[in-house]
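Values in this text are rule-based calculations from the coordinates and carry no lab data. Note that this is a predicted model, so its numbers are computed, not measured. We place every Cβ from the backbone using ideal geometry, glycine too, and count neighbours over all the protein chains shown.
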Amino acid sequence: MKKVAILQSNYIPWKGYFDIIAAVDEFILYDDMQYTKNDWRNRNKIKTPKGLEWLTIPVGQNIERKIREVNISDSRWQQKHWRTLEANYRRAKYFEDVETWLRPLYESYSHENLSSLNRIFIEAICLYLGISTKISNSWDYGLSDGKTERLADLCLQAGGYEYISGPAAKDYIDEGVLNERGIKLTWFDYAGYPEYPQLWTEFNHGVSILDLIFNCGKESPRYMRYVAHDSI
């Protein structure tokens, strides 16, 4: 039974995002949704000696657009973000290993669209972690009306009959709509993550996966839920 997950793209997401990707056969980036500011689409947290710090891509204040329509006019953030990562993680055990493929994403690409940028980073991280899940865009398929109806139709168009969802969606997903279409709904559980060797102050799970990768390298799947350990 093919498993599908459908989520908006995020900038350098936390480890749970990649666990959902690894848990399904196809992961659909749902960037036909409206862009929301002060969210995870264009920013994420890292650890520093002074505590948590946001890395934010400047995209303007306009929320009257879909995520896929968000363009980036100023590229100065790219060098700034890399220098911030370098300053705070250069002491991490696997910094040099990760730098070989991550640094070019900041310094050798001209990122003009948020959705495209997020996908590039997500796919690069998946490759490093050994996650081979198919990643597609919501606009690769036809979109129907209705919140749950649209998710159900996307799942079926992708050939999926099990829909994996994060727990935050319990507020709006109508399980009956999925059941009517023969789709099994499974709620993803983020509980029980083990701690890993982490720089700076008190341990925190709610940071970008880059924190895990810099500190644990190819051992990172040992601290995740659904990534196959034979990938390390």
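Tell me the trypsin sites (Lys or Arg not before Pro) within region 75-163 that lie in a loop according to DSSP and have at most 16 other beta-carbon atoms within 10 Å.
On the way: sites: R76, K80, R83, R90, R91, K93, R119, K134, K147, R150; in loops: R90, R91, K93.
For trypsin sites (Lys or Arg not before Pro) across region 75-163 that sit outside H, G, I, E and B with at most 16 neighbouring Cβ atoms in 10 Å, the list reads R90, R91, K93.
How tilted is helix 95-107 with respect to the longest principal axis of the chain? Cα atoms for both, answer in degrees (0 to 90, nearest 10).
That works out to roughly 70 degrees.
Taking a quarter of the surface of the convex hull around the Cα atoms of region 43-104, what do you get in nm²?
Details: hull surface 21.4 nm².
Projected over every direction and averaged, the Cα hull of region 43-104 covers 5.3 nm².
If we count chymotrypsin sites (Phe, Trp or Tyr not before Pro) as exposed when they sit in a DSSP loop and have at most 13 other beta carbons within 10 Å, what is the longest stretch of the chain that avoids them all? Could the numbers behind the result be given before it?
Numbers: sites that count: Y172, F203.
Counting at most 13 other Cβ atoms within 10 Å as exposed, the longest clean stretch of the chain is 1-171.
For region 62-168, state the average projected area of the convex hull of the C-alpha atoms over all orientations, rounded to one decimal in nm². The partial results should precede the final answer.
Values: hull surface 37.8 nm².
Reported value for the Cα convex hull: 9.5 nm².
For the chain, find the longest principal axis of its Cα atoms and tell me its angle to the long axis of helix 147-157, 0 to 90°, nearest 10.
90 degrees
Angle, helix 76-89 long axis vs. longest principal axis of the chain, Cα atoms, 0 to 90°, nearest 10?
70 degrees
Please give me, ordered by residue number, the GluC sites (Glu not before Pro) of region 88-147 that lie in loop per DSSP and have at most 14 other Cβ atoms within 10 Å. Before the final figure, lay out the partial values.
Details: sites: E96, E99, E107, E112, E123; in loops: E112.
Those that pass, being in a loop and sparsely packed, are E112.
Distance between the C-alpha centers of region 84-160 and region 1-28? Whole Å please.
Taking the Cα centre of region 1-28 as reference, the centre of region 84-160 is 9 Å away.
If we count every other residue with Cβ under 15 angstrom of L178's Cβ, Lys/Arg +1 and Asp/Glu -1, where does the sum land? All intermediate terms of the calculation are to be shown ahead of the outcome.
Numbers: positive: K2, K3, K147, R150, K170, R181, K184; negative: E149, D153, E162, D174, E175, E180.
The answer is +1.
Rg and Dmax of region 73-114, using alpha carbons, in Å: what are they?
11.1, 35
Starting from region 137-232, pick out the GluC sites (Glu not before Pro) whose DSSP state is loop and whose Cβ has at most 14 other Cβ atoms within 10 Å. Numbers along the way, then the final one.
Numbers: sites: E149, E162, E175, E180, E195, E202, E219; in loops: E195, E202.
Sparse-neighbourhood loop GluC sites (Glu not before Pro): E195, E202.
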